[in-house]
Structures are given as structure tokens and as C-alpha cells.
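The block underneath contains the structure these notes are about, expressed in C-alpha cells.
The values are calculated or read from the model by the stated rules, or taken from the named source; none is laboratory data. What you see is a predicted model, and the numbers here were worked out from it, not measured in a lab. Here Cβ is always computed from backbone atoms with ideal geometry, including for glycine, and neighbour counts include all displayed protein chains.
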Amino acid sequence: MIRWGVFIYMHPYRNAIKYNSVGLFMTDSPGASPDTDSLYFFNRVQSASLSVDVQRQNVQHIGSEDFLDRKIVSEPNIQLSIDYLLTDGYEEKTLGLNTAQKGESMTSGSMYSNLREDKSVLIAVGREQFDLTGYANRENGYSGTDIIGIGNCYITDYSISAGVGDFAKASVSMVGSNVRYSCEGSGEGGYSWLDNINQMAFLMTQLNGFINLQDGGMIPLGSSERKIYKGGVQIPSLDLVNSGIDPVGPVVERGGESVQLGAGIKFDPVMHKSPVSAIPPGGINVNVKNLNMGGPILSGLNEGSCTKGSANIQNFNISLPFDRENLYGFGSMHAYGRKMKYPQVGTISFSLLASAFNTGDLRTMFCDDEEYEIEINLNNQCDFTCAPSSEHETYIKYIINNAKFDNYSFNESIGSIATVDCNFSFGVSRNNGFFMSGSFEEYYLALQRQGLVELQDGSLIPV
């Protein structure tokens, strides 16, 4: 007697994509930093949107009422927009903006100085019943997740806003050159170092080529200890300098033949654990010099005013442009460079409740047009201390060093409190305009200060 059995294999399925099953990750593209392959989880993202707009040119000729063709003559317009809550400056550092970390001064230049541009952005989509941030603890990690990769991303606009009754947040817009859909585990290629030595160890060995263990032994880190890692995800970024071709990985021996591997990203993201969940309005302090030609009091000072008062700022908005010149050439439809233009003009606006005004005449502005310094501190809103809020730990600090007054408007109507809107503009370059510092401390640098190195299993050894 023959018995028949039916075995049904149930493929994973997804009914919908939910916010808890989507995560955003970021790394440098091979063209931007070929020696860096660290992938970073981008924290506190509130929304992300991707749009692709294909540009075509119609081909016609006299005597016909139809198109001969509708050719694509340049790369598509790929736009990525991200909204996220501000924390300690770590996200801005991940974006490639010049952000001084804990213990560093702002003397290294403005936020536009030493930009680390050309990013690969990966949007991972996991199973709908799992929290994506916990995938790192699974046996197979992120294997099997769908990946939407946006390659060669450059910032085009950046803005910061905060208001009464809401968290401080930022918005960033980026333009890319390629979109690649893949499954985690489909990539191949790239070098990794010894499994039990992390990136910090590699950075330290650049100085002397070895590490001293606690027992005095040494682990050499020469090229012979490098190994090929497989899996990961395919890199979405292109080699823009070489006509937009796919970047290539290392050459390996297979069956007695040399094989050129494609470039891949090892999906082992760095997870930053910020002590800051979000910055509420009670932790925000704004210092602005009062207008030199009279007008609303901005910083609580009341010299020359008939009535005492203080500025109760309701919200502020900072807009920072990243205008670029896209460079094209023969042999490729992709831009081989997106050069920043300098100088550019940023803007900052305040909305405050009207209270008192300084005595003055608007005409004096034409004789004494001053530059204002604006300082904004996003602080710890911890009230379990006797110290004033201005002395609480500062998570993020912004400084604008050359703001010029543009306009203000006074508004009053029946049934409402009078408000004043002030607007300033400022020039930005690599050395002037907008400066930023955060309270984050890069993990590996913190270990270095303590003389430690982390092994793959998470244990630490003195160096």
C-alpha cells in the first residue's frame, strides 16, 4: 500500500508595512570612504519618504504626428526625505555634518566644514510581527529582510524646528543616483579583519601594526589576516567617477581562477544608545541680542523700555541650504560630482509673545547695521536639581555668528495675545555661519580613552 503525504512550505508573508518593521541605516559609499564599512542605525526617525522621477526627452521629426521615441537622457531625480527627533548630535554626525562631540570645541569649522558626503542609505523592511531594532539579537540577525538601498546620497536641504508643546526635530532632504532593491544575504564581497578584533582595534593598529594583550602577547593585523565576508547586502551606490558603474569588491581565487567579486555591505549595524530620548521645549534656551534700532525685546532685557517684560519665544525655525552644482560629462547619464556652492544664505525665524519694546528708531539700522550672535542650547530638562535650567547639561548647542536682521511683524487681534515674528539671515561657509556641537561620544573613541578594546563577544580587554 502506498501512502501519500503532502508537505506545504509556508513562505514568509507580509500584509502591510508598519513603522515598527522599518528601519533606516546609513554608511559611507565606497567612493566616499573606501576603508570604512561600518553601518549605522539612524535613531529617532519619525518619517521617511522616497520618490523617483524619471526625466525623458521626446524625439520627433517633421512629417510625423507620432513620437519616434521618448528617451531617458539623464539619471532619474531620486529624492529622500527624513524627519527625526533631535537627541545628542549623533544623528547629525552620521549624516556627515561637522558636529563637535563631547569634549571637543567648535574650532574645527562650521557645520559645512569637512562634510562626509556620498552616503548609502538602506531602508530595511522586516517581518510585520517583529520589532526591527531587536533583529540584531536573532540567530540569523537581519538575514531575510528586504532592503531598499538609495545610493550616492547628498544633502540638499536641512532644517531644525522646535515649538511649545512639541519635541525639537530636524528634517533632511537628500538626492541620490540609484535605487536598488535586494534581500539581506544577497551581497558578497569586501574585506573584514579578524573576527575577534573590531574596528577600534584596526584603527589602533594603524600606528604600530599590532595589539598588546593583557598577558603580553601580540596579535598582528597584516593583510594576510584579512578574510572575505559573504552575505550582507548589495551596495546601492555607484562609482560615479567611472561612468556610474557598480563598485567592485576584492579578487579571490576560486577553482584555480581569479574571480572579481561585487561590492557588498556587511549588515552588522552599529547601534548607538543615546541617553537622550527626545528634547522637550522645557529644555530649550535661546539667547539673542536685542535689536540695536529698537523693537521687540528678544532676550528678556528691558533697557530703554517703558515697561518691564521678557520674550516668551513660542517657536523657532532654522533653514540651512545645501545648494550644489551637479557635474555631468560624456559617457554617463549620472552626475559624477555634486559640488557645494559657497557662500550660501541660511535663515532663522522666531515667534514670540509680545511684551515690551526697546526705544529706538528704525532709521538707525541704515547707519549701524549690526551682526548678531544667536546661541541655542538644547538642555536636559531635569528639575531634580537646584541649578537653573541654563546650567543643566547641554545635549546640543547651535551658534550663529553673523546673523543680520531682516524683518519683524507685530500682530494683534481681539481675543488673542499679541505676537511678534522676527526673521534673520546669515551667510554660511566652511568657516562661518552655523556651528554645532553635541554631547555624544563615539563608542570606540570612548574605549580608546579607557585603554580598552572590545572583542566580538562583547568582552573588553586592556590594551
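Within the range 119-129, is even one residue within 25 Å of ASN317 (Cα to Cα) and under 13 Å from the mean Cα position of the chain (by Cα)? There is no residue in the range 119-129 that is within 25 Å of ASN317 (Cα to Cα) and under 13 Å from the mean Cα position of the chain (by Cα). Restricting to the range 397-431, name every residue that is more than 16 Å from ASN290 (Cα to Cα), in a strand (DSSP E or B) and charged (D, E, K, R). Once the filter is applied, which keeps residues that are more than 16 Å from ASN290 (Cα to Cα), in a strand (DSSP E or B) and charged (D, E, K, R), the range 397-431 yields only LYS397.
Summed over the range 360-396, the residues that are out of contact with any helix residue (DSSP H, G or I) (no Cβ under 9 Å at 6 or more places or on another chain), surrounded by fewer than 11 Cβ atoms within 10 Å (Cβ to Cβ) and either modelled with pLDDT of 70 or more or in a loop (DSSP other than H, G, I, E, B) (or both) give a count of 7. Among the residues of the range 322-339, the ones that are surrounded by fewer than 17 Cβ atoms within 10 Å (Cβ to Cβ) and under 23 Å from the mean Cα position of the chain (by Cα) come to 5 in all. Inspect the range 57-64 for any residue being under 27 Å from ALA278 (Cβ atoms) and either among the hydrophobic types (A, V, I, L, M, F, W, C) or at pLDDT below 80 (or both) and give the result as yes or no. No, the conditions are met nowhere in the range 57-64.
Every listed requirement among (1) part of a strand (DSSP E or B); (2) in contact (Cβ under 8 Å) with a residue 40 or more places away in the chain is met by GLU75 save one, (1). Only one of the listed residues (ILE313, ILE265) is within 30 Å of ALA418 (Cβ to Cβ), surrounded by 17 or more Cβ atoms within 10 Å (Cβ to Cβ) and modelled with pLDDT of 75 or more. That residue is ILE313. Any residue at all in the range 69-90 that is modelled with pLDDT under 90, surrounded by fewer than 20 Cβ atoms within 10 Å (Cβ to Cβ) and aliphatic (A, V, I, L, M)? Scanning the range 69-90 turns up at least one residue that is modelled with pLDDT under 90, surrounded by fewer than 20 Cβ atoms within 10 Å (Cβ to Cβ) and aliphatic (A, V, I, L, M). Filtered by the rule that a residue be over 23 Å from LEU115 (Cα atoms) and not hydroxyl-bearing (Ser, Thr, Tyr), the range 145-178 gives ASP146, ILE147, ILE148, ALA162, GLY163, VAL164, GLY165, ASP166, PHE167, ALA168.
In the range 337-351, the residues that are free of Cβ contacts under 8 Å to residues at least 60 places away in the same chain and in a strand (DSSP E or B) reach residues that are of a type in the set (Lys, Arg) and surrounded by 17 or more Cβ atoms within 10 Å (Cβ to Cβ) with C-beta atoms within less than 7 angstrom, at least six apart or across chains, in these pairs: LYS339/ARG324.
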